[in-house]
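Reviewing the structure listed below.
The values are calculated or read from the model by the stated rules, or taken from the named source; none is laboratory data. Not measured: the values here are computed from a predicted model. Positions of Cβ are generated from backbone atoms using ideal geometry, with glycine treated the same way; all protein chains shown enter the neighbour counts.
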Amino acid sequence: MPAREVHVSGRGPLPSRAAARVVRGVLDRERRDAVISLRFVGRDRMRALHRRHRGVSRATDVLAFALRGPAGLAVGDVYVCPWVAAREARARGIPVREELVRDVVHGVLHVLGYDHAEDASRVTGPMWRRQERYVAALA
């Protein structure tokens, strides 16, 4: 049986069960075993995390940290800020739930080892295309 352990904490507009379903959906589609901790955090907490780990003093939508796990097992922490997700959703004219799913998928893909450019090409790259397929299937 695959090891697909998901721990969700914090409060947000995406219920814990739905968030865990999204994480498991990505892991199933990637055929990967993982232990993922997903935490919804407020704007101030996300700003502090972003400053501490990336040197940027503003809140961001998602931060992901891949941790060292046993061979073949991805382990990581994903932090999602519903406040930023809601702002992004409004700006893009999409439902907040869709943006939250996008952030969760994005964070899980980072934990699994995917990465993207930090410029405008990020939204046309392989990770983004994979992410958008998963968002369409899981939102």
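Checked against the criterion of being part of a strand (DSSP E or B) and of a type in the set (Ser, Thr, Tyr), the stretch 2-12 contains one or more residues that satisfy it.
Quick check on my filter: what residues within the stretch 44-68 are in a helix (DSSP H, G or I) and touching a strand residue (DSSP E or B) at 6+ places or on another chain (Cβ under 6 Å)? First the steps, then the outcome.
Let us first name the residues in the stretch 44-68 that are in a helix (DSSP H, G or I), namely 44-54.
The one that is in a helix (DSSP H, G or I) and touching a strand residue (DSSP E or B) at 6+ places or on another chain (Cβ under 6 Å): Leu49.
Scan the stretch 13-39 for residues that are in a loop (DSSP other than H, G, I, E, B) and either farther than 20 Å from Pro82 by Cα or free of Cβ contacts under 8 Å to residues at least 12 places away in the same chain (or both) and jot them down. Full working, then the answer.
Step one: of the stretch 13-39, the residues in a loop (DSSP other than H, G, I, E, B) are 13-15, 31-32.
Within the stretch 13-39, Pro15, Arg31, Arg32 meet the criteria.
Cβ-Cβ below 7 Å, separation at least six or inter-chain, first residue in the stretch 114-136 and farther than 25 Å from Arg24 by Cβ, second modelled with pLDDT of 90 or more and among the aromatic types (Phe, Trp, Tyr): which pairs? Every condition considered, the pairs that remain are Arg122/Trp128.
Which residues, counting only those in the stretch 69-96, are assigned to a helix (DSSP H, G or I) and without any contact (Cβ under 8 Å) to a residue 24 or more places away in the chain? Listed by number, the residues that qualify are Arg87, Ala89, Arg90, Ala91, Arg92. When the test is whether a residue is in contact with a Gly (Cβ under 7 Å, 6 or more places away or on another chain) and either at pLDDT 95 or above or basic (Lys, Arg) (or both), Ala136 does not pass it.
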